[in-house]
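The values are calculated or read from the model by the stated rules, or taken from the named source; none is laboratory data. Here the structure is a predicted model, which is why all the values come from computation and not from measurement. Note: ideal-geometry Cβ built from the backbone for every residue, glycine included; neighbour counts use all protein chains shown.
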């Protein structure tokens, strides 16, 4: 006889203004199990879970607990049923302390702080969380902030924990600790739904797997004995051609294009860039690996000129550009694809042609006196659209209406043309579906052929390994070492990312 | 003489105190009450009309509160439920209220031959405390709205830091999504603070007409609602900052009146003193370098899905 | 979100009508029949060319103050000080006019006065922009307070240096008839200022949408971060937009002093700044839309004045502000309705597509 699931979602359909996010989805989760919800970006996993958590309302379908229909119209309803969700973007108040963040919404009337402190500290100790409850959240690193999110859920006595891509911001060692927590939590009779697009993690922790694609659940089975190839097939719908590492060869005598020497940058008394030095050859991809928040963002901005470094030298093609403004660097041929395209690289309400103009509004090529040369601009934009196969009705389409992949392609296309000497890429394929990822990887490889220096920051190790000629690992503003891909493996790079020096790692190997 | 000056400082600070504390709560939840000038004005009008027609100051204050509440409710509806722009909505309401008050004066009273007046609120001396030399004359010989403001300050500061409501309000302006996810209704929080600002702003407005001047004129508020708005800002969004800010501006105003009565027009033109509070705001706005602006101030909360 | 111009015109029209209807209700409080009052007022307005001319006369300065707010709004900045910049322009206009009036040919004086008025307003604007760019001062507060300060200065000047020779009222002497802005419609007050205002509005449109500078201003307004990352100097744009914005409001000082009042009177046109803000919002900060919205507001003012003059009815001038305020509120609400319609329409399309596919 089939056991009644702890929670069950039946026939869930959810529409947004322009897309069908979930289509007739059935899903169940049992007590004592970890269910991995696997699928690539855009498959509908987050949407489905947000419905379960009451953040979204489904257009059709039902949710049942222990066989009985329940109404979940808000997170409060979900929490009353014992469901808690830890989202990719944390719901924390940076300006408040850990304690204030945890007790928000759980206290009434006068706050008895002594009492609250006691209760919260108990849970911190019980799950061995190692965190100062009086610290301000804005001062915590991302791994610690995630712990606060988890504590919030535990404080509310959650029995079903939904975690949305929790490992994106963790080092391999921190990921292991998280998996330990998940197992011990589940062993106590609770349940966890783990949303991810990373197959390795699925294999590591899940009891059962549900694969989603295009808003539907395409398969559901126990984790035992499943092969990665089968999973990847289901996720994408066809075989993935992997770009293997080792197909890239390093030329012996590459001319140095970018020379970075002793970069230093301090903010709020914290050293963000610490005596950073490296070279990049022409036509070489230098991959920058490391957990987010160790100075990679600032390195990119320092190279681009949008932050002022305290000291150091940046030399591009034998020109000292250390004191050049962003505008001057653009003119010198520096292109930059930032990690937050919405904040830094595009204007959603402007059309594609205008976004192409964005970086080049001072360029005489596009102006007729004070006026914008609209025909020339349109021709140029259409060129980029065709060259990079961007799906859009035309260059007068608002960029905000394009899919994430197409937006990124436009930005990459634009920067690739501007960056005639140096291309800075920060997580160029984050959040994109596999098709777009492959496109952009192909573009990057192509740019190497043209002899440009490419600095690529990424947290996706597979991307780093497959595209880089050399890999530099950053930790707390320093470079822990620069290696060729064949000199590293996952464990080694994990240790480097966690702050172990090259020597320590080498000693560890022996 | 100094005593009377300082006493006047307290008097003039009162409406700014009440208004700016209300604004602090509202802005901490993410709402800029840009209709504050209109709320003050309609409070002044309602207070006057209520007092004049009933003969009782208390009814005046009550009517003032109701009038302020109505304007705040319209503002809340458009900015919270309909998620429209706060500056724009506030401006529309301010224009409407300006016209409304003058119009309704005509409706109620026609065109009077002599200006209508009421007896301004009496200064009440509190026994025992009022006898303390110096402080007693300054703090404890004020009208009842001022005494209300003392109570308000204490309650406001306590609630802000020591209660669930205070924590919720402070969190809402920083990250309404976090508050939503914690199971609290963000709209409800914002409605509460905005409507309260309507009530309190109404009292502040009434202070000018029935607590101080004894009459209603179209220009009675003359930008002081905006000064309360500015004080919230300059006080770094803390109730204690609002108190200090209000005292500073009350002092500037009192000083202006003092010099005007001295008739030193020869040395300083009167216009300088009239402009003093506004100049002060500009200088302080520039001087203050770092702010604890609530992260989501002015941004409507849009729930997805 | 796809929401077309048809929606825009439709909902805005209804909003304006709703605004009028609600304000009509206020007339009931005076014991009047609103339908009669409005009907008569409209009849009077369009029967006499003087009144029609006056619509344009009233609209002229409104176009300028609306453009002033809209211009900085495009850069996501708030210039609430248009009223003060208008006064500054007026002060300069009257001073220059009185100083030069018989020394130079009238046409030259007019041009110099126009430019000086622009500069007067632009100075105030630049100051505000500078404080924002250099010190990060909140321009909303600074600009708002600046109006009160300029007003105090104006009152001081009217009491002292600029006071009329008679010394009776707080106003200046009248300017010479030769340097009045020429009238362009016989029998009305309509002067060439309206042509100037329309031309300027068109120029602002071209500047914002057809030039590189305008592009940069709009980019800063839509996403200042991305703009900064593109090498655009936020500081320079801030100061420049405030300069132009202040100047635009300053020109209104010229049209009112040299075209209507022929002197500077204390506290004249006190609601020009606020009305300009409202108009800019109605028109969604679009320069061409501003022309039409200004005409609407000008029309409201003329109608209100006519109502005020209708004998025995006792309608106060404040009724104008009630109409303006209500129209604005309803238009704001109409934005919401338009958005809702668009989302609903899109969702419906999707559901239909889904059903077809199944």
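Brief remarks follow.
- Residue within segment C:209-228 that is under 27 Å from residue C:267 (Cβ atoms), without any contact (Cβ under 8 Å) to a residue 40 or more places away in the chain and over 20 Å from the mean Cα position of the chain (by Cα) present: no
- Single residue of segment C:150-179 satisfying the filter (away from chain B (no Cβ under 14 Å) and more than 16 Å from residue C:100 (Cα to Cα)) that is surrounded by the most Cβ atoms within 10 Å (Cβ to Cβ): C:171
- When A:48, A:64 are checked against the criterion of being within 12 Å of another protein chain (Cβ to nearest Cβ) and modelled with pLDDT of 90 or more, a single residue qualifies: A:48.
- Taking each residue of segment C:325-351 that is away from chain B (no Cβ under 12 Å) and looking for partners that are assigned to a helix (DSSP H, G or I) with beta-carbon atoms closer than 9 Å, six or more apart or interchain, yields C:341/C:7; C:341/C:11; C:342/C:7.
- Residue match in segment C:243-264 (condition: within 14 Å of chain B (Cβ to nearest Cβ) and in contact (Cβ under 8 Å) with a residue 40 or more places away in the chain): no
- Count of segment B:171-213 residues which are within 14 Å of chain A (Cβ to nearest Cβ) and either under 20 Å from residue B:72 (Cα atoms) or in a helix (DSSP H, G or I) (or both): 15
- Restricting attention to segment B:93-128, the residues that are more than 19 Å from the chain's Cα centre (by Cα), facing chain C (nearest Cβ under 10 Å) and not in a loop (DSSP other than H, G, I, E, B) add up to 9.
- Residues of segment C:263-277 that turn out to be in a loop (DSSP other than H, G, I, E, B) and crowded, with 24+ Cβ neighbours inside 10 Å, as a count: 1
- Any hit, segment B:198-221, residues being under 16 Å from residue B:276 (Cα atoms), touching a helix residue (DSSP H, G or I) at 6+ places or on another chain (Cβ under 8 Å), in contact (Cβ under 8 Å) with a residue 24 or more places away in the chain and buried (at least 24 other Cβ atoms within 10 Å of the Cβ): yes
- Yes/no for residue B:256 being within 12 Å of another protein chain (Cβ to nearest Cβ), without any contact (Cβ under 8 Å) to a residue 40 or more places away in the chain and outside any helix (DSSP H, G or I): no
- Verdict on residue A:271 being more than 24 Å from residue A:406 (Cβ to Cβ) and away from chain C (no Cβ under 14 Å): yes
- Among residues of segment A:361-404 being under 28 Å from the mean Cα position of the chain (by Cα) and assigned to a loop (DSSP other than H, G, I, E, B), the one that is farthest from the other protein chains (Cβ to nearest Cβ) is A:389.
- Any hit, segment C:192-201, residues being under 22 Å from residue C:260 (Cα atoms), in contact (Cβ under 8 Å) with a residue 12 or more places away in the chain, more than 12 Å from chain A (Cβ to nearest Cβ) and not in a helix (DSSP H, G or I): yes
- Out of B:14, B:89, one residue alone is farther than 17 Å from residue B:208 by Cβ and crowded, with 24+ Cβ neighbours inside 10 Å. It is B:89.
- When B:273, B:229, B:268, B:216 are checked against the criterion of being part of a loop (DSSP other than H, G, I, E, B) and either within 26 Å of residue B:51 (Cα to Cα) or facing chain C (nearest Cβ under 10 Å) (or both), B:216 stands alone in meeting it.
- Pick from segment A:74-110, criterion within 7 Å of chain B (Cβ to nearest Cβ) and in a helix (DSSP H, G or I), ranking: surrounded by the most Cβ atoms within 10 Å (Cβ to Cβ): A:79
- Total residues in segment B:227-248, condition more than 18 Å from residue B:292 (Cβ to Cβ) and surrounded by fewer than 24 Cβ atoms within 10 Å (Cβ to Cβ): 2
- Test result for residue C:83, buried (at least 24 other Cβ atoms within 10 Å of the Cβ) and either over 18 Å from the mean Cα position of the chain (by Cα) or at pLDDT 95 or above (or both): yes
- Residue match in segment C:132-147 (condition: away from chain A (no Cβ under 12 Å) and within 21 Å of residue C:95 (Cα to Cα)): yes
- When A:281, A:293, A:312 are checked against the criterion of being assigned by TED's automatic domain parsing to the domain that holds residue A:472, touching a residue at least 40 places away in the same chain (Cβ under 8 Å) and surrounded by fewer than 17 Cβ atoms within 10 Å (Cβ to Cβ), A:293 stands alone in meeting it.
- For segment A:111-127, taking the residues that are touching a helix residue (DSSP H, G or I) at 6+ places or on another chain (Cβ under 9 Å) and within 13 Å of chain B (Cβ to nearest Cβ), the one that is nearest to residue A:7 (Cα to Cα) is identified as A:116.
- Extreme residue, nearest to the other protein chains (Cβ to nearest Cβ), among residues of segment B:61-82 that are free of Cβ contacts under 8 Å to residues at least 60 places away in the same chain and closer than 23 Å to residue C:76 by Cα: B:82
- With respect to the conditions (1) under 24 Å from residue C:202 (Cα atoms); (2) surrounded by fewer than 20 Cβ atoms within 10 Å (Cβ to Cβ); (3) in contact with a strand residue (DSSP E or B) (Cβ under 6 Å, 6 or more places away or on another chain), residue C:259 lacks only one, and its number is (2).
- Residue A:335 away from chain C (no Cβ under 13 Å) and part of a strand (DSSP E or B): no
- Breaking point among (1) at the interface with another protein chain (Cβ under 9 Å from one of its Cβ atoms); (2) more than 17 Å from residue B:46 (Cβ to Cβ); (3) at pLDDT 90 or above, for residue B:85: (3)
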